[in-house]
Amino acid sequence: MPMPRAYLILFNGNGRSVYRILLTTYILFTLAPIVNSVAAGIFDIRLFLGTAGMTFCVFFLSELLRGTAWRVRAAALAGGILLFFQLFFDLVFFCSGKQLNFELLYHVRLANVPMILSLFPEEILIGILLYGVLLSALVLAYRKFQWKAVPKRWSAGGLLASLLLLLFSPAREAFLDFGIWNPTFTEQEYREGGLKISSLSKDDVTASPGKNLVLIYLESMESTFLDERRFPGLTPRLNALAEEALVFDDVAPALNADYTFGGIYASMMGLPLVKEVLRSGFVNSGIRVGVGEKLPSLPSILASAGYEQVFLRGVNLSFAGMNVFLGRERFDRMAAYETEFPGRSRSWGCSDAVLFDWAFETFQQLSAGKKPFNLTLLTLDTHAPHGFFYEDSIRYRKNRSGNRMLDAVHTMDERIGSFLDRLKRTPAWKNTCVILAADHLMPRGILHDELKHNPRRRLVVMALNCGRTGRVSTPGMTFDLAPTILELLGVRHNYVFPLGESLLQSGSDLRLARSPRQERLVSAYTIRHSRYTVLPSRVRVLEKPYPALQFGETLYPFYLNRFGIQDLPEGDAYLFVPLGIQKQPRRMQMVRMPVEKAAKGCEYYLLLGRMNRYLRPLAGAARFPENSWGLFVVKHGRVLFDVKEKMEDLSLEY
């Protein structure tokens, strides 16, 4: 049977040109980036320089091993690794519409794999199939093609040069460790960057209460959806609410506020999230609790004013480290439907309809109390890529594209309206201000054709029952929400937010720069207001507001990469924590094995668990009540320990 002509051209084995194998390799590496670039209308030269580096890396590595059995194997191994990371980058861009960066990589860890798989099953399957096809084609090319040998010294030099080209890849920065970078700037430099200097910490803030607050974060809800010309009849309830609300129609996402945690962080802290706040390690795969811990925030100021604060959402709160952040900022209660009602939870916790029913019950409970309150909610039904559609969801009749996300937006519009109708009928309504705020814009790539024609995409932000109506067109960003909400509530306080300014007043345009220099200034300012413990001498165990080890004043939450849940050791399990030179935890691991086996090769470590068969021998002949908790620090064979009936009573000087 004659071979297809294309096969003969590519794999006939008679060509001697180096260029053919280089071109073939480059095409295989750049196929996915080209498709993404054309679809998004974006051209980034760094992406193509990075794939050129991959091409030369595989080629020159194979040349260095010419004449050995490892030549093709090395090309397959190096090509497979580089192709994996390139396709991972491209798959993230395809799913989210954004290039891979620290904020997206923050969600990509073993703990979150089940959630990621549930959101993007088709896209991930396509990515796996494409990876197999491209890698097979690469291996076949290196087996079949023939070309003249390149001198070894040229190959060695070319390999080094290819590694330099790899530095141009946009994905490179995302895989770097999020280290603490601590430059110093003068007060003049801070002011020129739009930052206002304040020496107050959380404990220094004084505040008096105002109205109650119901703050509803609307997942991916941008003002484009409220445009009747583009989406007639899509959001009738929100459009009607806008007529009785104070609408802020020019609020854009702040730096690094293009996803949920970044948006909530900026709106509460009054300045953008920076990568120094996040962890890339396994000890605390959420946030570095101490970084920026002294900075006051919207919820911490409300706490100083005597507010009772509750945060509700559907999906587990430990996803993306949300519970750690909220606990640090002094919420009294943080609850997820998924963990509060495990027998009734659904895909990603619960629908927004169920969330609002739960929220209404909570609102009535808070209203019956004697304290002012803050009830904060996070919706979920309009989450990318397709939204969530349930049997009681409402279809958008003018959905010409058939995109399920429009049905999700239409349904959430009705849920919001119904929830507010119920609130208005309660006695507590007259003293309650409701803030509707999008956490971020709809990600690029989702409803791309429908949204791309709007050059001025903005967040939905409106305030109801705040004593004012109309429209505010003052340009702002996510970090302006905190001071704006406090003014709307009538909460008086003595803190000046670093970047955020009330949109009810005229503000400095310098704060809206969203530039790399401003990011460096915000990083330095955040670190300047951090709490660190150098060489701590005491460790405690905390169970609330989240399970954590406290070294001095620094908290290390229990992040064990088990579906994002902070587990407590039970039965024969115990927590094994290797300690670094400065006594800081290096990682956390739940184990069920003899201590000498878990600690093999480790001279300095901490153990926490019930006094089970593995931990009891470390305490010698001492006797303890059954089910007691034990905390151990072992250094070079020396054992220090504390045993208590309650875990939160454990404390150890070492």
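The values are calculated or read from the model by the stated rules, or taken from the named source; none is laboratory data. The structure presented is a predicted model; accordingly, all values stated were derived computationally and were not measured. Please note: Cβ atoms are built from the backbone with ideal geometry, for glycine as well, and neighbour counts cover all protein chains shown. SASA here: full protein model, heavy atoms, side chains in, ligands and nucleic acids out. Shrake-Rupley method; radii C 1.70, N 1.55, O 1.52, S 1.80 Å.
Mind listing whichever residues of the stretch 128-168 are of a type in the set (K, R) and either out of contact with any helix residue (DSSP H, G or I) (no Cβ under 6 Å at 6 or more places or on another chain) or more than 18 Å from V72 (Cα to Cα) (or both)?
Once the filter is applied, which keeps residues that are of a type in the set (K, R) and either out of contact with any helix residue (DSSP H, G or I) (no Cβ under 6 Å at 6 or more places or on another chain) or more than 18 Å from V72 (Cα to Cα) (or both), the stretch 128-168 yields K148, K152, R153.
Cβ separations smaller than 6 Å between residues 6+ apart or across chains give the following pairs from the stretch 492-513 residues that are open to solvent by less than 40 Å² (accessible area, probe 1.4 Å) to residues that are among the β-branched types (V, I, T): Y495/V205; S502/T484; L503/V472; L503/T474; L503/T484. Screening the stretch 38-143 for helices (runs of 4 or more DSSP H) wholly inside it with 3 or more residues that are open to solvent by 50 Å² or more (accessible area, probe 1.4 Å), modelled with pLDDT under 80 and on the phi > 0 side of the Ramachandran plot returns no ranges.
Taken over the stretch 126-156, residues that are more than 41 Å from the chain's Cα centre (by Cα) and within 20 Å of F85 (Cβ to Cβ) amount to 0.
Regarding the stretch 363-374, can at least one residue be identified that is of a type in the set (K, R), open to solvent by 10 Å² or more (accessible area, probe 1.4 Å), closer than 30 Å to V205 by Cα and under 22 Å from the mean Cα position of the chain (by Cα)? No, that holds for no residue. Is it true that V315 is open to solvent by less than 30 Å² (accessible area, probe 1.4 Å), touching a helix residue (DSSP H, G or I) at 6+ places or on another chain (Cβ under 8 Å) and part of a loop (DSSP other than H, G, I, E, B)? Criteria met by V315.
Scanning the stretch 200-236 for residues that are open to solvent by 30 Å² or more (accessible area, probe 1.4 Å), of a type in the set (A, V, I, L, M, F, W, C) and assigned to a helix (DSSP H, G or I) yields a single hit, L226.
How many of the residues making up the stretch 464-480 are loosely packed, with under 12 Cβ neighbours inside 10 Å and closer than 30 Å to Q518 by Cα? Counting residues in the stretch 464-480 that are loosely packed, with under 12 Cβ neighbours inside 10 Å and closer than 30 Å to Q518 by Cα gives 1.
Does A171 satisfy the condition of being in a loop (DSSP other than H, G, I, E, B), touching a Phe, Trp or Tyr at 6+ places or on another chain (Cβ under 6 Å) and either open to solvent by 40 Å² or more (accessible area, probe 1.4 Å) or modelled with pLDDT under 85 (or both)? Answer is yes for this residue.
The lone criterion from (1) at pLDDT 85 or above; (2) closer than 15 Å to I527 by Cα; (3) of a type outside the set (A, V, I, L, M); (4) in contact with a helix residue (DSSP H, G or I) (Cβ under 8 Å, 6 or more places away or on another chain) left unmet by T224 is number (2).
Go through the stretch 593-612 and give me each residue that's in contact with a strand residue (DSSP E or B) (Cβ under 8 Å, 6 or more places away or on another chain), assigned to a loop (DSSP other than H, G, I, E, B) and either touching a residue at least 40 places away in the same chain (Cβ under 8 Å) or surrounded by fewer than 17 Cβ atoms within 10 Å (Cβ to Cβ) (or both). It would help to see each step written out before you state the result.
From the stretch 593-612, those in contact with a strand residue (DSSP E or B) (Cβ under 8 Å, 6 or more places away or on another chain) are 595, 598-599, 602-612; that's our starting set.
Among the residues that remain, those that are also assigned to a loop (DSSP other than H, G, I, E, B) are: 599, 602-603, 611-612.
Answer for the stretch 593-612, where residues must be in contact with a strand residue (DSSP E or B) (Cβ under 8 Å, 6 or more places away or on another chain), assigned to a loop (DSSP other than H, G, I, E, B) and either touching a residue at least 40 places away in the same chain (Cβ under 8 Å) or surrounded by fewer than 17 Cβ atoms within 10 Å (Cβ to Cβ) (or both): C602, E603, N612.
Could you please let me know if V534 is β-branched (V, I, T), surrounded by fewer than 21 Cβ atoms within 10 Å (Cβ to Cβ) and at pLDDT below 90? Yes, satisfied.
For first residues located in the stretch 110-139 and over 20 Å from H383 (Cβ atoms), partners that are at pLDDT below 70 and open to solvent by less than 80 Å² (accessible area, probe 1.4 Å) and lie 6+ apart or on another chain with Cβ distances below 8 Å form the pairs L110/N561. The residue pairs whose first member lies in the stretch 144-159 and is at negative phi, whose second member is hydroxyl-bearing (S, T, Y), and whose beta carbons are closer than 7 Å, counting only pairs six or more residues apart or on different chains, are W147/S17. Looking across the stretch 375-389, the residues that are over 30 Å from S208 (Cβ atoms), open to solvent by less than 20 Å² (accessible area, probe 1.4 Å) and not hydrophobic (A, V, I, L, M, F, W, C) come down to T379, D381, T382, P385, G387.
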